[in-house]
Amino acid sequence: MIPREPPLVYGQYTQRELDAQYDTSLPVGGIVEPYFVRFREASAEARQRLAFRMLRYGVHERETVDVVPATRPGSPLFLWVHGGYWRRMSKDDFSFVAARAVDAGAAAAIVNYPLAPEASLDRIVAAVHAACDSVLACSGELQADPARLVAGGHSVGAQLAGMLAVDFALHALFCLSGLYDLEPIRRSQINETIAMDESSASRNSPLHHRPRVPGRLVLACGGREQPEFHRQQHEYAAAWREWGGHAREVPAPRHDHFSIVLDLTDSHSVTSRALISLLK
C-alpha cells in the first residue's frame, strides 16, 4: 500500500512544515533564553544611562509606554513595538532600542500592550494605536516633531508597527524579521494562543492595507531565518513599492530571529545605520 502524503494546509506546506516555518526557536536549536538575558542586560544599561519616563495610555496594567525626550526641539520621534508572538516580552526588554534612537538625536518611545490570550489581536492592535496617539500628544514634552514620526518593531512588533502605518502619517517604517501576512500564522500552531479567524487575520495584515503615507520603509531579516520570513519581507517590500513608497531590504546574513535585534546595540552595524538614516 502506498502511504498517503500529508495534506497541504498552506501553499506548499503540510501542517508540520508550516508550524516549523514559524517556530523561531528552531534555527537556534531551541535555545532562546540566552538572547532574552542579553536583551535584559542591554536594556538595564540603557535605563541607567537615559532618563526614561513611563506614560500610561489606558487602564490595563500593560497599557504603558516608556519615553525618553530628545536633546533639542523638533527632533525625530521613534516609536518601537516589541515582538513575542503577541503572548510574551515587554517594553522593559527593549530599552536598548530606545538608546540607539536617542543617541542618533531622536526622542524615543517603547510600547507595552496587553498580551494574548487575555487580549485578542484586534485589542492589541487598538492598544498600540492608542499608545501612538498618547505619544504624539506629548511630543512637545519630548522635544519631538510629530511630522517626523518613525515607527518600528520586531517580529509581530513589525506587524503592529505596519498597522500603525495604515492610520498614521509616518515619516518612515523600520521592520525587523516581520510578519505582514497573518493567514499562514492563522493556520499554524501559533494561532492556538491568539485565536485569529480569517477576518481578523486579514484586517490586521499590513500586506493587505495601503499605508496612509507610503514613505520610506526599511526591512531586515536574518539570513538564518526560515524561508517564510524572507517571503513575507519580500512581498511586503514589493507591495510598498507598488503603493508608491521606497522600500529597502537590508541584508543580515549572519543573524537569526533574535540576534538581529541585538544588532541595534552596535552603532556601526548595518541595521543600526539603516535606522539612523531614517531618523535624519
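Considering only region 269-280, state which residues are modelled with pLDDT of 95 or more and assigned to a loop (DSSP other than H, G, I, E, B).
If the condition is that a residue be modelled with pLDDT of 95 or more and assigned to a loop (DSSP other than H, G, I, E, B), then Ser269, Leu279 are the ones that fit.
For region 3-10, indicate whether the set of residues that are in contact with a Pro (Cβ under 8 Å, 6 or more places away or on another chain), touching a residue at least 40 places away in the same chain (Cβ under 8 Å) and part of a helix (DSSP H, G or I) is non-empty.
no
Just the residues that are farther than 11 Å from Leu164 by Cβ, buried (at least 19 other Cβ atoms within 10 Å of the Cβ) and under 18 Å from the mean Cα position of the chain (by Cα), please, taken from region 125-139.
Scanning region 125-139 gives a single hit, Ala127.
Provide a single number: the residues in region 11-28 that are surrounded by 15 or more Cβ atoms within 10 Å (Cβ to Cβ) and part of a strand (DSSP E or B).
Summing the residues that are surrounded by 15 or more Cβ atoms within 10 Å (Cβ to Cβ) and part of a strand (DSSP E or B) in region 11-28 gives 1.
Please specify each residue of region 214-234 satisfying the condition of being in contact with a helix residue (DSSP H, G or I) (Cβ under 6 Å, 6 or more places away or on another chain) and under 25 Å from Tyr13 (Cβ atoms).
Leu219, Ala220, Cys221, Gly222, Arg224, Gln226, Glu228
Pick from Ala126, Ala101, Ala165, Ala137: which is in contact with a strand residue (DSSP E or B) (Cβ under 6 Å, 6 or more places away or on another chain), hydrophobic (A, V, I, L, M, F, W, C), modelled with pLDDT of 95 or more and over 14 Å from Phe52 (Cβ atoms)?
Just one listed residue meets the conditions, Ala165.
I'd like the full set of residues that are in a loop (DSSP other than H, G, I, E, B) and in contact with a strand residue (DSSP E or B) (Cβ under 8 Å, 6 or more places away or on another chain), limited to region 255-265.
Result: His255, Asp256, His257.
Counting just the residues of region 238-275 that are of a type in the set (Ser, Thr, Tyr) and within 18 Å of the chain's Cα centre (by Cα), which one comes out surrounded by the fewest Cβ atoms within 10 Å (Cβ to Cβ)?
Restricting to residues being of a type in the set (Ser, Thr, Tyr) and within 18 Å of the chain's Cα centre (by Cα), the top hit is Ser259.
Could you please let me know if Ala46 is assigned to a loop (DSSP other than H, G, I, E, B), under 23 Å from Ile276 (Cβ atoms) and of a type in the set (A, V, I, L, M)?
So Ala46 does not fit the description; no.
Given Glu249, Glu242, Glu192, which one is of a type outside the set (Gly, Ala, Ser), under 30 Å from Pro146 (Cβ atoms) and without any contact (Cβ under 8 Å) to a residue 12 or more places away in the chain?
Of Glu249, Glu242, Glu192, the one residue that is of a type outside the set (Gly, Ala, Ser), under 30 Å from Pro146 (Cβ atoms) and without any contact (Cβ under 8 Å) to a residue 12 or more places away in the chain is Glu242.
Take region 93-121 and flag every residue that is among the acidic types (Asp, Glu) and farther than 19 Å from Thr64 by Cβ.
Listed by number, the list holds a single entry, Asp103.
Quick test of your reading of the structure: Arg231 fulfils all but one of (1) surrounded by fewer than 19 Cβ atoms within 10 Å (Cβ to Cβ); (2) in contact (Cβ under 8 Å) with a residue 40 or more places away in the chain. Name the failing condition by number.
With (1) surrounded by fewer than 19 Cβ atoms within 10 Å (Cβ to Cβ); (2) in contact (Cβ under 8 Å) with a residue 40 or more places away in the chain applied to Arg231, the lone miss is (2).
If you take the residues in region 29-40 that are assigned to a helix (DSSP H, G or I) and within 20 Å of the chain's Cα centre (by Cα), which one is surrounded by the fewest Cβ atoms within 10 Å (Cβ to Cβ)?
Glu33
If a residue has to be in a strand (DSSP E or B) and either at pLDDT below 95 or surrounded by 13 or more Cβ atoms within 10 Å (Cβ to Cβ) (or both) to count, how many in region 54-72 make the cut?
7
Yes or no: region 16-31 includes at least one residue that is at pLDDT below 95, within 22 Å of Glu183 (Cβ to Cβ) and out of contact with any strand residue (DSSP E or B) (no Cβ under 7 Å at 6 or more places or on another chain).
No, the conditions are met nowhere in region 16-31.
Out of all the residues in region 159-169, which are crowded, with 24+ Cβ neighbours inside 10 Å and either closer than 17 Å to Ser134 by Cβ or out of contact with any Pro (no Cβ under 8 Å at 6 or more places or on another chain) (or both)?
Those that are crowded, with 24+ Cβ neighbours inside 10 Å and either closer than 17 Å to Ser134 by Cβ or out of contact with any Pro (no Cβ under 8 Å at 6 or more places or on another chain) (or both): Leu160, Ala161, Met163, Leu164.
The values are calculated or read from the model by the stated rules, or taken from the named source; none is laboratory data. For clarity, every value in this text was computed on a predicted model and none was experimentally measured. When we count neighbours, we look across all protein chains shown, and the Cβ atoms used for this are built from the backbone with ideal geometry, even at glycine.
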